[in-house]
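J.: Pasting in a structure now, in structure tokens, and then I'll have a few things to ask.
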């Protein structure tokens, strides 16, 4: 364990609440340097890549206006922005209206993770108490964390500005767009700073902050659907404020004052709350549990389900809604592709004669990639329980290790199945409604379920890492990132088939664009089973750290 060394000299009375902030900031930057580099470079690269691909895909004004017609669809508005510049849809307007929202949400997630990781998670692990044993002010950890978050968002904004300028877009508008994304990320970092004071657990703090983010995105989407350019609801969402700068259309800077002001207010609230509680405690204490265990907690499987049920419900709801949004766009795809030769080539590369089939198949793949991320997170919950010492308590009873891990893997498999069903139902019902073809419900269910073996392979890899190298179990996340990159961008980048096959999703058919092939699905199922067996065996033989 590495802890920062804080000078032993007593601080003056005035700044004592912030004593040690600089040391903690340097330590946080050193510890998070790889994580920060990945986030900053990824977000900047995503924006630049989006600009390059969109410029190549929509080279003429007529092509861009065809895309603008699709953006008038309410479902498209939910996934993009208020629609400024649709009358003259330039490349910059496309970036601001469609790409910016995804980058903004990613920057907010980065900020939430940074704040919770360096505040509540440190208290939960006990490291914060060791640090506070030195001459460290009560507000030092929070100050250092917020400064680190501000620097990270500033780096993202700088990288985006430079990248968009290199791509040929106006520098001032690029700066405004990037600044809006940066201050939005900082605002949600301040939200996380508040939620970290309310609960004793880092997962709950992250979940609460992410729920606020989801509500803000939804509020912005509904407000923009109600009125092009944004209604009153849009102005109630921090996500909508950055989009109101109208970058690349009719630039105005003053909306950026709103997220800055909110971040300042939330920071003041967080400072106030941190002084009202003890280290490790939350202002909202945990509810006392019942005196006796429920029959639903009679075994490891029911316990695993109890721990995962909130996440499963949240994911199922999100996938259902996302599926409905994508499915409602099915009728727009054919019209958009008809007038764009580059899009016709891209859909032809998927092997589909019908662009709608290709779109629905790609949608099924994208949603399945999300389920894969859930499955890995579900399995890695094992490490969280182990690090907290709760696994040790379970295994001190007559519970067999093999049964314990098998139960967790079983719950993960069933939950993944349910999530794929939710995604398929959402996409299928919406597509059937707009296309007038009820058979699309069954088709999309099949299109989602065919990816289940690939999801289970990812879960198996995570389980094997937990069994073999528990300290390196987080290496499962680079595998998830790799599958996401290949699934989302592999075709656009023209990567060779051998590279695409390094992802388990590279073996599953993209239905309905492709015909079902049982052989690769069966092989993936076998591989997932072998990984699970190997993981159970490895977990049985290794030590479980004691507290």
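The values are calculated or read from the model by the stated rules, or taken from the named source; none is laboratory data. Bear in mind that the values here come from a model prediction, so they are computed numbers and not experimental data. No Cβ is skipped: glycine too gets one built from the backbone with ideal geometry, and neighbour counts run over all protein chains shown.
J.: Please enumerate the residues belonging to region 122-149 that are surrounded by fewer than 19 Cβ atoms within 10 Å (Cβ to Cβ) and modelled with pLDDT of 90 or more.
T.: 147
J.: Same structure again: Helices (runs of 4 or more DSSP H) wholly in region 438-547 with at least 3 residues that are closer than 18 Å to residue 414 by Cα - which ones?
T.: Details: elements: 439-449, 452-468, 476-493, 497-500, 518-541.
Filter on region 438-547 gives 439-449, 452-468, 518-541.
J.: Could you say whether any residue in region 452-461 is touching a residue at least 24 places away in the same chain (Cβ under 8 Å), over 30 Å from residue 384 (Cβ atoms) and surrounded by fewer than 24 Cβ atoms within 10 Å (Cβ to Cβ)?
T.: No: zero hits.
J.: Would region 104-121 turn up any residue that is in the same structural domain as residue 251 (by TED's automatic domain parsing), surrounded by fewer than 20 Cβ atoms within 10 Å (Cβ to Cβ), at pLDDT below 85 and assigned to a helix (DSSP H, G or I)?
T.: Within region 104-121 (the criterion being in the same structural domain as residue 251 (by TED's automatic domain parsing), surrounded by fewer than 20 Cβ atoms within 10 Å (Cβ to Cβ), at pLDDT below 85 and assigned to a helix (DSSP H, G or I)), the answer is yes, since at least one residue qualifies.
J.: Of everything in region 391-436, what is within 27 Å of the chain's Cα centre (by Cα), more than 19 Å from residue 462 (Cβ to Cβ) and either without any contact (Cβ under 8 Å) to a residue 60 or more places away in the chain or not assigned by TED's automatic domain parsing to the domain that holds residue 375 (or both)? Give them in sequence order.
T.: Once the filter is applied, which keeps residues that are within 27 Å of the chain's Cα centre (by Cα), more than 19 Å from residue 462 (Cβ to Cβ) and either without any contact (Cβ under 8 Å) to a residue 60 or more places away in the chain or not assigned by TED's automatic domain parsing to the domain that holds residue 375 (or both), region 391-436 yields only 421.
J.: Quickly run through region 54-70 and pick out the residues that are part of a helix (DSSP H, G or I) and either outside the structural domain of residue 152 (by TED's automatic domain parsing) or touching a helix residue (DSSP H, G or I) at 6+ places or on another chain (Cβ under 6 Å) (or both). Full working, then the answer.
T.: First, pick out the residues of region 54-70 that are part of a helix (DSSP H, G or I): 54-57, 61-70.
Those that are part of a helix (DSSP H, G or I) and either outside the structural domain of residue 152 (by TED's automatic domain parsing) or touching a helix residue (DSSP H, G or I) at 6+ places or on another chain (Cβ under 6 Å) (or both): 54, 55, 57, 66, 68, 70.
J.: Follow-up question, since we're still on this one. Picking from 44, 93, 19, which residue would you name as being farther than 25 Å from residue 185 by Cβ and touching a residue at least 12 places away in the same chain (Cβ under 8 Å)?
T.: Values: 44 fails: farther than 25 Å from residue 185 by Cβ; 93 fails: farther than 25 Å from residue 185 by Cβ.
After applying the criteria, what remains is 19.
J.: Out of everything in region 354-390 that is assigned to a loop (DSSP other than H, G, I, E, B) and over 27 Å from the mean Cα position of the chain (by Cα), what residue ends up being surrounded by the most Cβ atoms within 10 Å (Cβ to Cβ)? Spell out the reasoning first.
T.: Residues of region 354-390 assigned to a loop (DSSP other than H, G, I, E, B): 354, 388-389.
Add one more test, that the residue is over 27 Å from the mean Cα position of the chain (by Cα), and what stays is 354, 389.
Values: 354: 14, 389: 12.
Of everything passing the filter in region 354-390, 354 is surrounded by the most Cβ atoms within 10 Å (Cβ to Cβ).
J.: Let me ask you something else. From the list 228, 246, which one is over 26 Å from residue 160 (Cα atoms) and outside any helix (DSSP H, G or I)?
T.: Details: 246 fails: over 26 Å from residue 160 (Cα atoms).
Result of the check over 228, 246: 228.
For (1) at pLDDT 85 or above; (2) over 26 Å from residue 139 (Cβ atoms); (3) in the same structural domain as residue 177 (by TED's automatic domain parsing), each residue gets a yes or a no:
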{"residue": "226", "(1), (2), (3)": "no, yes, yes"}
{"residue": "241", "(1), (2), (3)": "yes, yes, yes"}
{"residue": "274", "(1), (2), (3)": "yes, no, yes"}
{"residue": "303", "(1), (2), (3)": "no, yes, no"}
